[in-house]
Amino acid sequence: MSEREYRICTRCIMDTSDSEIEFDQQGHCNHCNFYFAHTVKELPEPEVGAEQLERIVAQIKAEGEGKPYDCVIGLSGGVDSSFVALRVAELGLRPVAVHLDNSWDAEVAVRNIERIVRSLDLDLITHVVDWQEFRDIQRAFFKASVVDIEMITDHAITALVNDVARDHGLHWVVSGTNHATESIMPVTWTHRKSDLRNLKAIHRRFGERPMKTLPTMSMLEIQYAQRVRRFRSLSILNYAPYSRQGAIDALERDLGWQNYGGKHFESLFTRFYQAHYLPEKFGIDKRRAHFSAAICSGLKDRDEAIAELDAPVYPPRDLAHDRDYLLKKLGFTPAEWEAIMAAPPESHLDYPSDEAYIGAMLKVKALGRRVRS
Ligand SMILES: [Zn+2]
């Protein structure tokens with residue numbers, strides 16, 4: 001990270017740990033400025049949101065008539081996806097649930113999934129990855145020293161959901177992505193999940209086995225799904241004010257669901273990745289971005305968020321235990337691990353990538369939206 005002076009936004013809590021952050025004259029950063037200039041417009045007033053949602057739900061039901069299901073939902077056992085399952089059931093939709101078992105599920109996540117499926121009487125399709133292959137891809141990303149190792153899982157989930165939708169002739173995925181906790185994320189802290197070319201290139205360079213079974217989706221397949229199969233996504237949590245704590249309360253009350261701590265800690269890998277690997281190697285604390293989004297949404301107090309960040313991301317005993325477990329499972333010796341932690345970060349864009357193509361497509365899409373509105 002550059003040696004420039006430390007500075008934090010005066011409105012949210014994004015700071016110079018984002019190397020590309022910019023501040024205006026009031027000390028507000030580009031992230032919260034974008035939130036209030038653009039994101040906020042995508043969040044309807046409660047009554048309007050309820051009406052819009054009702055219309056879309058009616059459309060999903062109509063398009064699903066005569067089929068065994070009318071939509072697909074991904075289920076990780078985490079807060080957002082579990083709450084989506086609950087909301088979808090309340091709205092009378094008939095989802096098929098999909099879970100990617102990448103072998104890192106925390107026990108509590110597995111129990112949560114079982115409870116949800118039983119309580120809501122859902123059909124669940126679980127795809128278990130070929131662990132030797134998946135491990136080889138994760139090892140390759142560590143060796144490449146790139147930031148977004150979760151891209152592997154995130155890409156595979158999207159591809160899997162698309163496969164299930166295609167196989168059942170469904171047009172809709174109902175997703176838990178939401179502005180309340182996810183609208184702020186520096187571009188340098190992740191990589192575009194759809195960039196299959198990048199995923200394959202990194203694996204080709206550092207992997208030792210062929211990639212044969214991971215669910216994937218090329219740019220062409222994405223275009224085909226969206227344009228020809230009219231596959232669409234409903235971010236259901238954006239239609240009413242969404243609070244993570246409110247969701248946890250409802251899940252515990254209605255489904256006997258169990259909380260597991262930090263955002264995305266339903267996966268043992270993600271817990272270690274977000275709470276140790278990213279902060280130690282890249283100086284990135286993703287809580288900063290999640291909390292900033294919650295502050296902008298009016299769901300979190302800025303001072304409380306700062307105080308919360310001061311608490312260690314990881315209790316030391318858990319960290320030692322998780323590190324031993326992770327190293328053994330991934331097949332790294334302590335010396336290899338030290339070398340990985342010490343290696344300078346590399347950019348995903350140092351490898352072949354579809355970034356330019358994806359960026360251009362998104363610009364065309366945005367232009368189309370502006371022309372229509
Ligand atoms: Zn800010």
Inset, instruction - Treating only the Cβ atoms of Lys and Arg (+1) and Asp and Glu (-1) as charged, compute the dipole magnitude of the chain about its Cα centre; round to the nearest 20 debye. - result: 1060 debye
Inset, instruction - Among Gln274, Thr153, Phe332, pick out the residue whose Cα is farthest towards the positive end of the charge dipole of segment 45-372, where Lys and Arg carry +1 and Asp and Glu carry -1 on C-beta, about the Cα centre. - result: Thr153
Inset, instruction - Highest first, please rank the peptides 303-311, 250-258, 192-200 by the mean number of other Cβ atoms sitting within 10 Å of their residues. - result: 192-200, 250-258, 303-311
Inset, instruction - Pull up all non-local amide H partners of Arg232: gap of 5 or more, or a different chain, and H-to-H distance under 5 Å with H placed in the peptide plane. - result: Trp172, Val173
Inset, instruction - Would you work out if the chain is rounded, prolate or oblate? Take a ≥ b ≥ c from the square roots of the eigenvalues of the alpha-carbon gyration tensor; rounded if a/c is under 1.5, else prolate when a/b is larger than b/c, oblate otherwise. - result: rounded
Inset, instruction - Which order do the peptides 235-242, 129-136, 177-184, 319-326 take when ranked by the mean count of other beta-carbon atoms within 10 Å per residue, highest first? - result: 177-184, 235-242, 129-136, 319-326
Legend entry - GluC sites (Glu not before Pro) restricted to DSSP loop in segment 1-82 with at most 16 other C-beta within 10 Å: Glu3, Glu5, Glu20, Glu22, Glu65
Legend entry - Cα gyration tensor, segment 27-176 - rounded (a/c under 1.5), prolate or oblate: oblate
Inset, instruction - Enter the Cα centre distance for the pair segment 60-121 and segment 258-310, rounded to the nearest angstrom. - result: 25 Å
Legend entry - Under 5 Å, built H, 5+ apart or other chain: amide partners of Asp101: His127, Val128, Val129
Inset, instruction - Return the distance in nm (one decimal) between the two label points of a simple spin-label model at Ser119 and Gln59, each offset 7 Å from Cα along Cα→Cβ. - result: 3.0 nm
Legend entry - Mean Cβ count within 10 Å, highest first, over the residues of peptides 82-88, 116-122: 82-88, 116-122
Legend entry - 3J(HN,Hα) from dihedral phi, segment 15-24, Karplus parametrisation 6.51/-1.76/1.60, rounded to Hz, x for glycine, proline: 9, 6, 5, 8, 5, 9, 5, 10, 10, 8
Legend entry - DSSP-assigned coil residues among trypsin sites (Lys or Arg not before Pro) in segment 1-63, each with at most 14 further Cβ atoms within 10 Å: Arg4, Arg7
Inset, instruction - Looking at segment 45-372, send over the antiparallel percent of its DSSP beta bridges, to the nearest 5. - result: 5 percent
Inset, instruction - Let me have the 222 nm mean residue ellipticity of the chain computed from DSSP H runs of 4+ only, each contributing -39500 (n - 2.57), with the sum over all residues rounded to the nearest 500. - result: -15500 deg cm²/dmol
Legend entry - Signed unit charges on C-beta, dipole axis of the chain, positive-most listed residue Ala180, Leu53, Gln245: Leu53
Legend entry - Gyration tensor verdict on segment 262-373 (Cα atoms; rounded if a/c is under 1.5, prolate if a/b is larger than b/c, oblate otherwise): oblate
Legend entry - Relative contact order (%) - the chain, alpha-carbon pairs under 8 angstrom, separation at least six: 23 percent
Legend entry - Across Lys193/Lys363; Lys61/Lys193; Lys286/Lys363; Lys212/Lys329; Lys193/Lys286, pairs whose alpha-carbon gap is larger than 25 Å: Lys61/Lys193; Lys286/Lys363
Inset, instruction - Could you run the Karplus curve 6.51 cos²θ - 1.76 cosθ + 1.60 with θ = phi - 60° over segment 274-282 and give me ³J(HN,Hα) per residue in whole Hz, x for Gly and Pro? - result: 7, 8, 10, 4, 5, x, 6, 8, 10
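Laboratory data are not the source of any read-out in this text; all were calculated from the coordinates shown. It should be emphasised that the depicted structure is a prediction, and the values quoted were computed from it without experimental measurement. Every residue, glycine among them, receives a Cβ derived from its backbone with ideal geometry; neighbour counts consider all protein chains shown.
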